[in-house]
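Enquirer: Before I ask anything, here is the structure I am working with.
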Amino acid sequence: MSLAPVNDSQRTAARVVGASYLLAIPPALFSGIYVASQIVTHRNAAESAQWIIAHARLFRLGIASDLIAFAIDIALITALYVVLRPVSRGLALFAALTRVIETALFFAVTLKYFDVLGLLSGADYLQGVDAGHLQALARLAISAHNSGYNVGLVLAGVGSTVFCYLWLESGYIPKWLAGFGIFASAMLALITFTYVIFPEYAKIITVGIYGAPIFLFELAMGFWLLLKPLRSPA
């Protein structure tokens, strides 16, 4: 493959990619690991509802952290497209659109958490509804959020796999790093897609199995792109 020399816009976009990877990690971990783990540890709808009512501010901080991470993702996707468009405009566009749809879906399913807060708010218009019914509806909204989030992760894995393939083809970064990105991204897509058909596997194949590789890749990419210039294509 013959590519033009790396230009200034690509170099700037590469630094944006690196910064975005690193900036998105703290809010994503806070919401997706810490806050989410507090909710799923409760055995039934009543316990989950009681925890959310008692920690409503923390729950809202989790929502805010998600929104920050998703906003950073928009910058990340745009910058990835700018860097990798010269390698293959068609594939870069496909990957970018896939990840834009993923991010839009993440924003949409986050609204389910506002439904949870509304159902458990104790507002006057809810006084005539049985508390157990409200708790069950809140737990159902949480389940809908989690299912929608998993679908978003499938799209994230697909888009990231294509972007990593373009990194590999470009020669802009070491091949071992791009190859590891393909592996980590494909694992994310395949495992979360498996949850769609076999949801019971979520108890066996935990987030640590498919989440650790993609976390390490994004962490490594973040530091690499901030500290190292893009390599000139062969």
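Enquirer: Put GLU200, GLU47 in order of accessible area, largest first, 1.4 Å probe: what do you get? Don't skip to the answer; put the middle values down first.
Expert: On the way: GLU200 100, GLU47 50 Å².
Greatest to least solvent exposure: GLU200, GLU47.
Enquirer: Can I ask one more? How much length is gained if the chain between ASP115 and LEU58 is pulled fully straight, taking 0.36 nm per residue apart and subtracting their Cα-Cα distance, in nm to one decimal?
Expert: Result: 18.9 nm gained on full extension.
Enquirer: Next question. What's the center-to-center distance, using Cα atoms, between the range 6-83 and the range 134-208 in Å?
Expert: 15
Enquirer: Can you check what the net charge comes to around SER9, using other residues whose Cβ is under 15 Å from the Cβ of SER9 (Lys, Arg +1; Asp, Glu -1)?
Expert: So the environment of SER9 carries a net charge of +3.
Enquirer: To the nearest 10 degrees, how steep is helix 131-170 against the longest Cα principal axis of the chain, on a 0 to 90 scale?
Expert: Between the helix axis and the principal axis of the chain, the angle is about 0 degrees.
Enquirer: Ordered by packing density, taken as the mean number of other Cβ atoms within 10 Å over each peptide's residues, highest first, how do 72-84, 155-167, 218-230 rank?
Expert: 155-167, 72-84, 218-230
Enquirer: How large, in percent, is the carbon and sulfur part of the accessible surface of the range 191-233 at a probe radius of 1.4 Å?
Expert: Values: 1920 of 2680 Å².
Carbon and sulfur together cover 72 percent of it.
Enquirer: Quick one: dipole size for the chain, taken about the Cα centre, charges +1 on Lys/Arg Cβ and -1 on Asp/Glu Cβ, in debye to the nearest 20.
Expert: 620
Enquirer: Please calculate the 1.4 Å probe accessible area of SER20, with all protein chains present, and give it to the nearest 10 Å².
Expert: 10
The values are calculated or read from the model by the stated rules, or taken from the named source; none is laboratory data. Computed from a prediction, not measured in an experiment: that's the story for all the values here. Using ideal geometry, Cβ is built from the backbone for each residue, glycine included, and neighbour counts are taken over all protein chains shown. Just so you know, the surface numbers come from the protein's heavy atoms only, side chains and all, with ligands and any DNA or RNA stripped out. Shrake-Rupley method; radii C 1.70, N 1.55, O 1.52, S 1.80 Å.
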